[in-house]
Amino acid sequence: MFAQAPGDRFKLAADGLTVKDNLLGITWVSDLNLPAKYKLGLPVHDSGSMTYQVATRWVAALNTSAYGGRRDWTIPAMPMSDSTCSVTRGPNGNSFGFNCTNNPMGSLYYRGLGVRQPNTAVPISPASIGPFRNFQPYLYWSLNGKDETGAGARRRIERQNGNHAFSFNTGWQGGNVSGHVMYVLPMIGGSLAGTRRAGKDLQPSADGLTVYDPLANVTWLANANLAAEMTFGVNGIASDGAMTRATADDFIAAMNSYRGTGYLRQNRWQLPPTEADSNCTMSDGGYNCSGSPMGGLYYNHLLRMVGRAAGEPVVRPPDVTLGPFHNLQPYLYWACAGNQSSINCSGDPAARGFQFSFSFGNGFQGTDVIGNSLYVMVYAVDIKK
């Protein structure tokens, strides 16, 4: 759909605010998380994320301010049909999956930045948060309620084409397609032998390898991304530890059979369950779902440890320079349903209550509930199509 770029694809403006994209015939804002610095009086999280409703208002305000001397900034558009995607059609008839390059953000990720799925565009260093280390500011797989891992769970995945996930970037609990690539934080129900059960704070084990949460009554791995260091011989795990839901089941099974006794001599590892509770902002999830183990960990413990408000990531990605761009977030970005050119928004939803999204954490194109909080990058169209 896009023509070959004449000469160099990108050209940074003299003032450093914008980047001309010769391949797509558009001009990007060079700061790929501009809302974190310019909230424009709107309810934008300090990290820069926002709901889709706020995103449209933020773009309108940006145009009113004539940022970079322009008043035609827009959220990137996605074509409803894209033959380059790994999954050509979803439940609502939209194209989604990996390798979607017939849209501006997919073209930027795969061609402009040269990233390959399912790799993150911005790797996260294994920093410590209290007794944990290696948390990723992204989505983590979870079980639907009291579902079990293994073959039974895989059959449910194939039937439902999805499962639950929790975001340690925004505190959002919701569903996702099983072919997405996310991280895994295994847990064991209850406490382990020798656990010091006192008070309500997180209690690390003497060796520092596990952490007991007395509020949720579960024991966590202290390494929040063990799969990046140990795969237990499971295929399909990305170099940064991310994996599909089916691979996550295999990973948990391999942990439990490790050396005959299980990893750390425990064979009851599982994905954390998530269930909607009265705290959730939606009937089937949303924000403030502190009744689930991961939700409780985020809202009751981690936010306090890092000194941030709800809706903020437990780990802030570094502001790295990527060619002429900077401040890219390795998470989901909002996109609109495009018209036939896929450059301009059509004004239609991707589906009722949903809009398109693109992940710079792994190159996945999908859709998200418009009440979710994602990031925003913008461009202005130079060549009318």
Practice task
State all residues of the range 302-330 that are within 14 Å of L34 (Cα to Cα), outside any strand (DSSP E or B) and touching a Phe, Trp or Tyr at 6+ places or on another chain (Cβ under 8 Å); if no residue qualifies, say none.
Solution key: L328, Q329
Practice task
Would you confirm whether any residue within the range 373-381 is polar (S, T, N, Q), open to solvent by less than 10 Å² (accessible area, probe 1.4 Å) and within 21 Å of K37 (Cβ to Cβ)?
Solution key: yes
Fill in the blank from the handout: A careful count of residues in the range 248-286 that are crowded, with 16+ Cβ neighbours inside 10 Å, among the β-branched types (V, I, T) and out of contact with any helix residue (DSSP H, G or I) (no Cβ under 9 Å at 6 or more places or on another chain) gives 1
Exercise for the section: Search the range 277-295 for residues being more than 17 Å from the chain's Cα centre (by Cα) and not in a loop (DSSP other than H, G, I, E, B), and hand back the single one that is nearest to D213 (Cα to Cα). Expected result: P293
Completion exercise
Being open to solvent by 40 Å² or more (accessible area, probe 1.4 Å), at positive phi, of a type outside the set (D, E) and in contact (Cβ under 8 Å) with a residue 40 or more places away in the chain narrows G347, G311, G323 down to just G323
Practice task
Go through the range 115-147 and give me each residue that's out of contact with any strand residue (DSSP E or B) (no Cβ under 9 Å at 6 or more places or on another chain) and within 16 Å of N223 (Cβ to Cβ).
Solution key: I124, S125, S128, I129
Handout entry: Hits in the range 60-74 - residues which are buried (at least 22 other Cβ atoms within 10 Å of the Cβ) and not aromatic (F, W, Y)
Key = L62
Practice task
Kindly indicate whether Y333 is crowded, with 21+ Cβ neighbours inside 10 Å, not in a loop (DSSP other than H, G, I, E, B) and not hydrophobic (A, V, I, L, M, F, W, C).
Solution key: yes
Problem - Search result, residues across the range 43-82 that are free of Cβ contacts under 8 Å to residues at least 40 places away in the same chain and part of a helix (DSSP H, G or I) - result: V54, T56, R57, A60, A61, N63, T64, G69
Problem - Of all residues making up the range 235-248, the number that are closer than 14 Å to Y183 by Cβ and either free of Cβ contacts under 8 Å to residues at least 24 places away in the same chain or part of a loop (DSSP other than H, G, I, E, B) (or both) - result: 9
Practice task
Quick one: in the range 86-112, of everything that is open to solvent by less than 50 Å² (accessible area, probe 1.4 Å), outside any helix (DSSP H, G or I) and closer than 21 Å to S239 by Cβ, which residue is modelled with the lowest pLDDT?
Solution key: G97
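The values are calculated or read from the model by the stated rules, or taken from the named source; none is laboratory data. Computed from a prediction, not measured in an experiment: that's the story for all the values here. Heads up, the Cβs are rebuilt from the backbone with ideal geometry, glycines too, and the neighbour counts pull from every protein chain shown. These accessible areas exclude ligands, DNA and RNA; they are computed on the full protein's heavy atoms, side chains included. Shrake-Rupley method; radii C 1.70, N 1.55, O 1.52, S 1.80 Å.
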